[in-house]
1. Are there any pairs with C-beta distances below 9 angstrom linking a residue in region 23-41 that is under 20 Å from Ile274 (Cβ atoms) to a residue that is acidic (Asp, Glu) and modelled with pLDDT of 95 or more, with the two at least 6 apart or on different chains, and if so which?
2. Provide a single number: the residues in region 29-61 that are more than 23 Å from Asp222 (Cα to Cα), among the aliphatic types (A, V, I, L, M) and open to solvent by less than 30 Å² (accessible area, probe 1.4 Å).
3. I'd like the full set of residues that are among the acidic types (Asp, Glu), more than 17 Å from His148 (Cβ to Cβ) and in contact with a Gly (Cβ under 6 Å, 6 or more places away or on another chain), limited to region 97-126.
4. Give all pairs with beta carbons closer than 7 Å in which a residue from region 266-282 that is under 17 Å from Asp43 (Cα atoms) and touching a residue at least 12 places away in the same chain (Cβ under 8 Å) meets a residue that is of a type in the set (Gly, Ala, Ser) and surrounded by fewer than 23 Cβ atoms within 10 Å (Cβ to Cβ); count only pairs at least 6 apart in sequence or on separate chains.
5. Residues in region 62-78: is at least one under 18 Å from the mean Cα position of the chain (by Cα), crowded, with 24+ Cβ neighbours inside 10 Å, of a type in the set (Ser, Thr, Tyr) and under 17 Å from Phe200 (Cα atoms)?
6. Filter region 1-28 down to the residues that are among the hydrophobic types (A, V, I, L, M, F, W, C) and open to solvent by 60 Å² or more (accessible area, probe 1.4 Å), then identify the one that is nearest to Glu285 (Cα to Cα).
7. Within the group Ala143, Ala189, Ala170, which residue is of a type in the set (A, V, I, L, M, F, W, C) and over 21 Å from Asn73 (Cα atoms)?
8. Taking strands (runs of 3 or more DSSP E) that do not extend beyond region 146-204, which have at least 2 residues that are closer than 22 Å to Ala260 by Cα, open to solvent by less than 10 Å² (accessible area, probe 1.4 Å) and touching an Asp or Glu at 6+ places or on another chain (Cβ under 8 Å)?
Amino acid sequence: MHKRLIGSIEVTAIGFGCMSISHAYGPGLEKAEAQKVLHRALDIGHTFLDTAALYGFGANEELLGEALSGRRNEYTLASKCGLFKNSEGKREINGRPEVIKQTCEDSLRRLKTDYIDLYYLHRLDKKVPIEESVGALAELVKAGKIGHIGLSEVSAETLRKAHAVHPISALQNEYSLLTRNPEIASLEACKELGVALVAFSPVSRGLLTDEPVLPGEFPQGDIRPNMPRFQGDAYEHNLSLLDHYSVIAEKAGCSRAQLALAWLLAQGDHVIPIPGTTSIAHMEENFAAGDLKLNAGLIDELDQHINQNTIRGERYNAATTAEIDTENFS
């Protein structure tokens, strides 16, 4: 498995996103099954695990802490602050310094560790200057509670402002064949600043896999039906792109998911996809993509077939779009 850098930390080129173990794409796993998935992730060589205070409203961090505290030296741990369940039980974006510090303490307790290797500001709080939020994170670095600072769902402009306060090691934004927004500015900004671009939803929330969910068959609790590109005619159209996409995968000698991940790895040595799954078989399939290399002809064919002009539907609804800071084509 090829390695890539996050700040001074070397990690496997394919990371593991832990969110779906707890929620988002249908019901989470029972604890015993979730623990099996996490241990298998380390057993096959994953060295980069991603969680957040928001996932399962803390339950995902607790799961990692309980399952993997005895193997803490085997992996790089990433978590996030600034988006969480507040005292009223509601989802809240809050980037105030005192809240960031308290969230970190809560995460350390749940994760059963005394440090987090990479700690992201999960969302920009538009009521708090990014410089203030990053200043608080810098104090956590100085205190030895976190190793590196990351940002999530922010623009290249915000990244540069943050980087001027303290070096930013990673920017976690959605990036896939369907979601090309980082190509507007953040992909290049990351390369220029020496920042890893950690690509979440790299297989387009399951669309670019061998078994995408069919229209009307999303499980209870799935977040995708609230997203325009998974609705009605837009989703039907996006699914129709899979016919030729499968032909390209056959040429490459890999699965659809592996093709999507290999394409991302080809976008720059600073790009690190973090696919998530509840299936050990799919996790092993995804991890193997780290050793694939696509030729220039296949990459060009993919770029022509699936891009921001050939898909339909925005990635978020209007309310969620208003919360984020990333660049948009429309």
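1. Ala24/Asp222; Tyr25/Asp222; Gly26/Asp222; Gln35/Glu66; Arg40/Glu284
2. Result for region 29-61: 2.
3. Matches in region 97-126: Asp125 only.
4. Gly276/Ser20; Thr277/Ser20; Thr278/Ser20
5. no
6. Per the criteria, the residue is Met1.
7. Ala189
8. Ranges flagged: 170-174, 196-200.
The values are calculated or read from the model by the stated rules, or taken from the named source; none is laboratory data. All figures in this text were calculated on a predicted structure; none of them were measured in a lab. Glycine gets a Cβ as well: all are built from the backbone with ideal geometry, and neighbour counts include every protein chain shown. When the accessible area is computed, the model is the full protein with side chains, heavy atoms only, and any ligands, DNA or RNA have been set aside. Shrake-Rupley method; radii C 1.70, N 1.55, O 1.52, S 1.80 Å.
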